[in-house]
Amino acid sequence: MYCIKVEPGRERIKVRQVSSGFIPKYMHAEGKGKTPEKRFVVPGYVFTLQYAPGAVKVPEDEWAIIEAVSDSHLSTVDRETRKIAEGPLKAIEGAVTVIEADRAKVAAVILGEKRQYWLAVKYREPEGVTSEEVAAENGNHGTDAEGRETEAGNAEDIEASEKAVSAGKSGTEGKTGGKPRSKYDFTEEEKARMLARADEVGNRQAAAEFTVPWQMIAQMKRREREKNAGPEAAATRKYGQRKKEDPDALKAENTALREKLAKLEEKAAKLRKAIQELL
């Protein structure tokens with residue numbers, strides 16, 4: 001891969017003059033549900049597959065970052081490990097320096113300058129737990145500079161939960177050695193105690209006391225709701241019918257549609273360029 005340095009702001013003019021030239025772009029994510037903004041990955045440069053007068057070769061490791069950043073597909077983060085599980089950023093995981101609630105930061109030196117990019121990411125949810133349940137459970141949660149979960153105004157409860165998990169103190173003490181248990185290991189009586197405790201202190205605190213993932217308790221609650229609500233409500237849940245006027249769901253749908261539109265516009269631009277070259 002080669003690149004040609006141009007005066008910033010004249011990239012679109014120069015790219016028309018370069019055979020097989022193109023300008024990598026990416027969607028800059030502000031986070032917190034804000035609409036991503038399309039930007040140049042490397043402002044002041046035009047890229048080309050073939051050598052052209054004035055062009056220099058792009059180092060392979062730097063091009064790998066440019067390619068991953070400009071990929072329109074969202075990368076997936078493992079919610080438990082807080083690491084990239086799959087997607088374009090997986091190939092450059094060493095350059096991912098921060099993972100926030102809904103975006104990740106990529107920092108690297110590219111073509112002699114330090115650059116950083118914020119890219120939207122999605123999360124891989126545990127089996128049986130819906131994104132609505134995760135959103136509800138994380139409603140008052142954020143992340144610190146290292147991507148670890150925090151809860152504003154409730155630091156003492158978080159500390160107590162972490163101590164309970166590390167010490168293995170729970171209503172099932174001695175059975176698991178303080179490690180998370182399989183969801184199939186519990187009796188109906190134990191499940192009832194978990195749900196009752198979760199109603200009192202919340203899913204996370206109850207999960208810490210019983211040394212289980214909070215998602216397990218959320219799943220138990222969902223199944224109880226479906227069982228008590230009858231087959232019609234369960235079917236509605238199964239096929240993903242959302243409540244009317246759900247702002248979060250509408251916002252997520254709008255973001256997905258914008259991403260699809262941006263991808264189509266990019267394909268259309270490439271097609272127009274190819275037609276011009278043929279003519």
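Each reported figure results from applying straightforward, stated rules to the coordinates on display, with no laboratory input. All of these numbers come straight from a predicted model, not from anything done at the bench. Here the Cβ is made from the backbone with ideal geometry for all residues, glycine too, and neighbour counts use every protein chain on show.
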Counting only residues 5 or more apart in sequence or on a different chain, those whose built amide H sits under 5 Å from that of Val109 are Arg115
Set Lys34/Lys114; Lys251/Lys273; Lys5/Lys267, cut-off 27 Å on Cα-Cα distance; pairs above it are Lys251/Lys273
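Tell me, what is the FRET efficiency for Lys38 and Arg10 to the nearest 0.05, using R0 = 22 angstrom and their Cβ-Cβ distance as r?
Numbers: r = 18 Å, r/R0 = 0.82.
Step by step, r from the Cβ atoms, then E = 0.75.
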Under the classification rounded if a/c is under 1.5, otherwise prolate if a/b is larger than b/c and oblate if not, where does region 10-122 fall, given a ≥ b ≥ c as square roots of the Cα gyration tensor eigenvalues?
prolate
What list of ³J(HN,Hα) values in whole Hz, one per residue of region 72-78 in order, does the Karplus curve 6.51 cos²θ - 1.76 cosθ + 1.60 (θ = phi - 60°) give from phi, with Gly and Pro shown as x?
6, 6, 6, 7, 10, 9, 6
Taking every other residue with Cβ under 14 Å from the Cβ of Met1 and scoring Lys and Arg +1, Asp and Glu -1, one gets -3
At 7 Å along the Cα-to-beta-carbon direction for both Leu278 and Lys83, put a label point, then send me their distance in nm to one decimal.
4.6 nm
Can you give me the long-range amide H partners of Tyr45? Hydrogens built in the peptide plane at 1.01 Å from N, cutoff under 5 Å, separation of 5 or more residues or another chain.
Val6
Percent of C-alpha pairs per 5 Å bin, region 26-82, short to long:
4, 13, 19, 21, 16, 11, 7, 5, 2, 1
